[in-house]
1. Just the number, please: Stokes-Einstein D of the stretch A:137-217 in µm²/s, Kirkwood Rh from C-alpha pairs, 37 °C, 0.692 mPa s.
2. At 7 Å along the Cα-to-beta-carbon direction for both A:ASP127 and B:ARG220, put a label point, then send me their distance in nm to one decimal.
3. In nanometres, what is the gap between the two model label sites at B:GLU374 and B:ARG106, each 7 Å from Cα along Cα-to-Cβ?
4. Search the structure for amide H atoms under 5 Å from the amide H of A:MET132, placed 1.01 Å from N in the peptide plane, and list their residues when 5 or more places away or on another chain.
5. I want to check the label-to-label distance for A:LEU177 and A:GLU28. Put each point 7 Å from Cα in the C-beta direction and report it in nm to one decimal.
6. Mean-square fluctuation check for chain A, GNM, Cα pairs under 10 Å: which of A:ASP110, A:ASP127, A:ASP49 is largest?
7. Quick check: residue separation of B:THR302 and B:ARG89 times 0.36 nm, minus the Cα distance between them. What number comes out in nm?
8. Which ³J(HN,Hα) values, rounded to whole Hz and listed in residue order, are derived for the stretch B:241-250 from phi using the Karplus coefficients 6.51, -1.76 and 1.60 in 6.51 cos²θ - 1.76 cosθ + 1.60 with θ = phi - 60°, glycine and proline given as x?
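Each reported figure results from applying straightforward, stated rules to the coordinates on display, with no laboratory input. Quick caveat: nothing in here was measured; it's all calculated off a predicted structure. Heads up, the Cβs are rebuilt from the backbone with ideal geometry, glycines too, and the neighbour counts pull from every protein chain shown.
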Amino acid sequence: MSPRIVIAEDLHLLREGLVHLLQAHGFEVVAAVETGPELLRALVGERPDVAVVDVRLPPTFTDEGLQAALAARREVPGLPVLVLSQHVEQLYARELLADGSGGIGYLLKDRVFNSGQFVDAVRRVADGGTAMDPEVIAKLLASNARHEPLGALTPREREVLSLMAEGRSNAAISQRLYLSESAVGKHTASIFGKLGLSPSDDDNRRVLAVLAYLDAARES
Amino acid sequence: MRRHAVTIGRALALGALALTDVLLLTTSLVAAVLAALGLVFFFMPMIGLVRRRTMLARRLTGAWLGVATEPPYLPPPPPPRPQPDGWYRHERQLYRTPRWPAWHDRWKWMFTDPATWRDLAWLWLNPLVGGSLLLLPLAAVWCGLDLLWRQTPLTVPSGVAVIVAGVAAVPWLLRLYGWWTHLCLAPTARSVLAGRVRRLDQLRTETADSQAAELRRIERDLHDGAQARLVAMGMTLGAVEELMDKDPGAAKVLLAKAREASSVALTELRDLVRGIHPPVLAERGLGDAVRAMALDSPLKVTVTADLGKRPAAPVESAVYFSISELLTNAARHGGADRVWIDIGVRDGALRVTVTDDGSGGADPARGSGLRGVERRLAAFDGVLALNSPPGGPTTATIDLPLAGGGDASEDKVPLRGWRRVAVALGWGLGWLPLFPQGLVAMSFKIFGSDERSWFLALYLPGPLQWPMIVFNVLLGLAMYGAAMAITSAHSHRRLIERAGPALGLDG
């Protein structure tokens, strides 16, 4: 059965583009809405397998979409939502991840250009995984630059950490870095050791642990 | 008792000072006459001397009588600027050195300032007014002693009474003197407004300049960045169109390139937008925007924000960029690790404190960044206070009034205490002595009516009737006059209080 999806985007062209793209990749678009209240109704009413949501929506053109997504997730815990925006903020990423239940994506709108990777991210989120924009992760790592254990990572380990934090599985990381999967496994084990995190086989839990760690590190 | 003694001492000191003013008065008169005869060189040193004396008077009345008096002078002229050829122009003359034009400017500055002439008026009257007000008790005591000296049963008690009255009157006379000095030496509403207009004028120029510079920067960024990339993208796509059939492989490579270019263009546009108006600020307001800024900073930043209502968008933006600059400074120059940002609203003013644990020694006079912050805030009557001792910590405080200037109803402060009662009595009962008891009784008297009704004056014996009527009329006028004077003095004081800081006068 094809996954059911809700799309919220106020720009007509982009909304149509997203609908076509996702339909072409086997999604069933159950609602394509324009405004925040419509989105909330669609999310709670349709209970889709995944939603693609623009942060800024009418009527206020502030963070209407984000608020609707958060409200829907309070009502339907773990409802998978992929949030798209013209800009990414650590603040929003933190709010999205706060409930710790996964099924969250937060990407720049530009990522839609690379349809293969974008659809991959939507699928990951639909499966309860995580898709964080590389820019969010880069900012997170940059603002942690002075932090002690992170400084102890080798450049390769940092690369692996970034990709892991974006929500990619070991298989995807190995493809991306042209490494064997076992080599990636070794790197992740070493990273978890250096950061003092307990290793986990579950990809998604692993990601959330890393993100929570990075987020907490800057507070201490 | 001791306080009274201090008061008497101060009164005597001010009185003595007022008497010595006779010397300065004579000097200034001579200089004025010489200046009028054409020897204008005497004018400026004389005015300088008089200003010093009046500043002393302002300081003393402020410290001793609690009548704080701001200096009313116009700001001094800026030093003359040379022309491109190195010469200095004053009207139609050219000079090799800036000395003459500067002298002319100063002369004009002093001569045209009304405060100069009010200073002189005060000085020329001060020996008389000050001397008589403050040395009156001395004369009374002298008189009393003289009466005591005669030692008759009548003179002794009256002598004691005169001495006691003289001593008791000192605080009142001193206050009267303070009011008089304030009247002559304080800024008038006109000079305060003139100062405010000048300051706003200057601000307008600065704001317009910085706005134009900002627009130029945005134009340049768009022209060299996104626009150029879009042109390149268009050209690449054109090439793809041509290659499509002949060499699909190469066309694919070019398409990937075009997509990359669009990505870079978007990134550049994003950065540009962030510099103009950060999206989080638009979406969430100041508190969350600063929190987002704190998350992106390499420093450990703790933000507490309690704002209530969102301030106006331009104010939010100015404060946001000011905080951003302060944070950058803390990281770049201060060598700080931790920063605390506190945003709150107190007494209708937005207050932001940015504290860091860096090495301190920041100086707005040297850093152009801090100057930019000051300029940015000044457009909204906001000020930046910096406390940065060498060795740290540095605390920067931003204070910015939130009530939008034009709304007068919010600024209205009602009268309080006895003033309120007096104004109410004046407006409420002034008609009673003025109309029925005064003017109507007068008309009855003039037309010789026998009717006496409830007009008190007409029940008095004949010779007292006219004085009573006149007294009633005067009483009514005085009541209205007092009510009006108190109200206008109050609003004048409010005006000065509000515009005072904007005057930018510092002695």
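1. 263
2. Roughly 5.0 nm, to one decimal.
3. In this crude label model, B:GLU374 to B:ARG106 measures out at 2.4 nm.
4. Answer set, sorted by chain and number: A:TYR106, A:GLY167.
5. 4.0
6. A:ASP110
7. Taking 0.36 nm per residue and subtracting the Cα distance, the gain is 71.1 nm.
8. With the stated coefficients, the stretch B:241-250 comes to 4, 5, 7, 2, 7, 6, 9, x, x, 5 Hz.
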